[in-house]
Structures are given as structure tokens and as C-alpha cells.
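The values are calculated or read from the model by the stated rules, or taken from the named source; none is laboratory data. None of these values were measured; they are calculated from a predicted model. Cβ placement follows ideal geometry from the backbone for every residue including glycine, while neighbour counts extend to all protein chains displayed. Ligands, DNA and RNA are excluded from the accessible area calculation, which covers all protein heavy atoms including side chains. Shrake-Rupley method; radii C 1.70, N 1.55, O 1.52, S 1.80 Å.
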Amino acid sequence: MAVQKIAIAIHEGVQALDVAGPVDVFAETNGFVPAGNGYETVLVGASREPLRASNGMKISADLSFDEAREKFDILLVAGGPALPDAEPDPELTQWLRGAPERAELYGSICTGAFALGHAGLLDGHKVTTHWQNAQRLAARFPAAKVIFDRIYIRDGKLMTSAGVTAGIDLGLALVAERHGPQVAVAVAKRLVVVAQRQGGQSQFSPYLTAPVDEDSPISRAQAHVMQRVGERHTLQSLAEAVSMSVRNFGRAFAQETGITPHEFVERARVDAARRLLEGSDRPLKAVAFDCGFGSADRMRIVFSERLGVSPAQYRASFRKL
């Protein structure tokens, strides 16, 4: 093995943790592998002048885009809160376009995926980003196959991660791939994180979004479900609750929310169960009954399918102290 050279592209408004997380993973790994087998990380930007991260911290690049023309083993672009809405940065975009030829592996942390998209590097690939911006990424770059619930994804030479601290997960995955899981676990322990997170991004995101029109029949139907989440709800019972025909209600619900009534009911049950698991010591059987799952086994199946973790694992991770 030889030292792997890693370049992380930064920009004005970059998320500091998107940079620091992977850098710390690679730096800590150097203490667990033989000399000469570790990592050398450089930050690359439009210039070497200090720039402001989104939290106000000053960060300086080691190399400018013009200077960083060498080959790298890994080339990543960090995200930033403004990237999903910002116009493409011409200098960053131009430099990233050369990533497939300049690096053995290239990718993004968090919303850095938008910068890759502007460079034309997402088309035809499975990718992910922060759960809050995944829908926007899919809309802006329709040729990309956006996977909404992954912590990180590798598709050939391209690797993308979810939001902020998921850059640490991405870094640990790369360390495990090259040096084995024992080294990755040792680094994770040093950083006081888990080597491989259970579940996907859905466990961190709210499952229900506010209705567009709070006075509409669809909004009233949603409120009806959430106020009676432990009860049985059918398409007919929901239509009757808002004085609509079953056919018109089903069509209107899908048009206004983008999901079916059945999907909404299940999401409402999951959301209610999450709140009880986070804020109470109620037994799983009682939570399942109160939230309309019928049984703890059924709730476990739904949680595993939708969040990638069991109710017990969710409670252990998110229990409010």
C-alpha cells in the first residue's frame, strides 16, 4: 500500500462538518495503520484565501483549483446549506468535471451532490444527499437515480453521502474497504461514533409534512387520522369524514399530497409511534396498540421496512433523557 491522496473541494458557505468529519476520519486512521499506508488530505478551493463556512468559521484551501491538477486517489466535494438553491459556481463546476479522469474515486458529502450534478457527474448514477434536499436533487437532475433513504451510496467510481455527519460514515466505509473493518471500528471508537449506522435517513427526518391548505377537505382528513391514529381507517371512512365520494377523495388526496390515503395513515402511525418511543417508557405492545398497528410484531415490521431499524433500536437511539 501507499499513501492515498485525498482532495476535498470547499467553497464559500461550506458546511464545516462536511469538511472536518472526513478529514478527521482519515487523519485518525493514520494512527492505526503502518507508516506510508495512510492518507494525505488537502483542501482545494477557488483560491488559498480564507473563506467563511456556513457557521462563520474561516477555512483556507491548501491548493487552488488551478494548482490542483494532479491525480488524486479520492476526490470529494463538501456540501453547504446554500448549494441546493445557489447558481452553479463556474470555477468549482469546471474543476469537478475533471474528477472522473483525475481520481480513482470521486463523490460528495451532503449537498455537495448538487455541485456534482452541475458538473454532469450524477447522470445515470444512484446517488443520495441530505434527506431535506433529496426531492429537490431529483427534480433538478432528473437523469440521476436519487435514493432518498441511504446514509451513503457507492455506484462505480462515484460515492455520495447523506447529510453532514454522514460524511464520517462515508469516510469510515472507505477506510474499511481499504484497511478492513477492524481498523474502521478502531477509528470509530476513537471518534466516539458507530462504525456502521443502523437504518437509513428516514429515522432522522419527519415523516409527515404540513398540508398546503389547512382548510381543504384533504387537510381535514389528515387531521382526522392524526387525532384518531389508533383507530382503523379505510378509504371509505376517510371520504365519509369529509363528505366526499370515495372516488373523488382518493383522486384529490393523491393530487394534493403526492401519496395515497393508505400511505398517509401508515406514516401517521409511524410518526405517532416515534414520538411515544422518544418521550415515554410505555411498553412496545402498548405503543403499537395506541398507534393503530395492532401488535408489536406488526409495528416492528413497518419500522424495519420504513426506517431500517426496529422500534427498540429506534428508542435506544432517540430516547429523550
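Annotations for the structure displayed:
Conditions tested, residue by residue: (1) outside any loop (DSSP other than H, G, I, E, B); (2) among the aromatic types (Phe, Trp, Tyr); (3) at pLDDT 90 or above.
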{"site": "PRO206", "(1), (2), (3)": "no, no, no"}
{"site": "PRO211", "(1), (2), (3)": "no, no, no"}
{"site": "SER219", "(1), (2), (3)": "yes, no, no"}
{"site": "MET226", "(1), (2), (3)": "yes, no, no"}
{"site": "GLY230", "(1), (2), (3)": "no, no, yes"}
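- In region 114-144, the residues that are of a type outside the set (Phe, Trp, Tyr) and open to solvent by 50 Å² or more (accessible area, probe 1.4 Å): ASP123, LYS126, GLN132, GLN135, ARG136, ALA139, ARG140, PRO142, ALA143
- Counted residues, region 1-46 - those being assigned to a loop (DSSP other than H, G, I, E, B) and either touching a residue at least 24 places away in the same chain (Cβ under 8 Å) or of a type outside the set (A, V, I, L, M) (or both): 18
- All of LEU105, LEU76 fail the test of being more than 17 Å from ALA166 (Cα to Cα), in contact (Cβ under 8 Å) with a residue 40 or more places away in the chain, open to solvent by less than 60 Å² (accessible area, probe 1.4 Å) and of a type outside the set (Lys, Arg), apart from LEU105.
- Of all residues in region 79-101, those satisfying the criterion of being closer than 14 Å to ALA7 by Cβ, over 24 Å from the mean Cα position of the chain (by Cα) and either open to solvent by 30 Å² or more (accessible area, probe 1.4 Å) or of a type in the set (Gly, Ala, Ser) (or both) are GLY98, GLU101.
- Filter result (open to solvent by 10 Å² or more (accessible area, probe 1.4 Å), in contact (Cβ under 8 Å) with a residue 12 or more places away in the chain, farther than 24 Å from ARG97 by Cβ and of a type in the set (Gly, Ala, Ser)) within region 155-189: GLY163, ALA173, ALA176, ALA186
- Some residue of region 114-137 being touching a residue at least 40 places away in the same chain (Cβ under 8 Å), within 18 Å of ALA162 (Cα to Cα) and charged (D, E, K, R): yes
- The residue pairs whose first member lies in region 290-318 and is within 16 Å of GLY279 (Cβ to Cβ), whose second member is at pLDDT below 85 and surrounded by 13 or more Cβ atoms within 10 Å (Cβ to Cβ), and whose beta carbons are closer than 6 Å, counting only pairs six or more residues apart or on different chains, are PHE318/GLU278.
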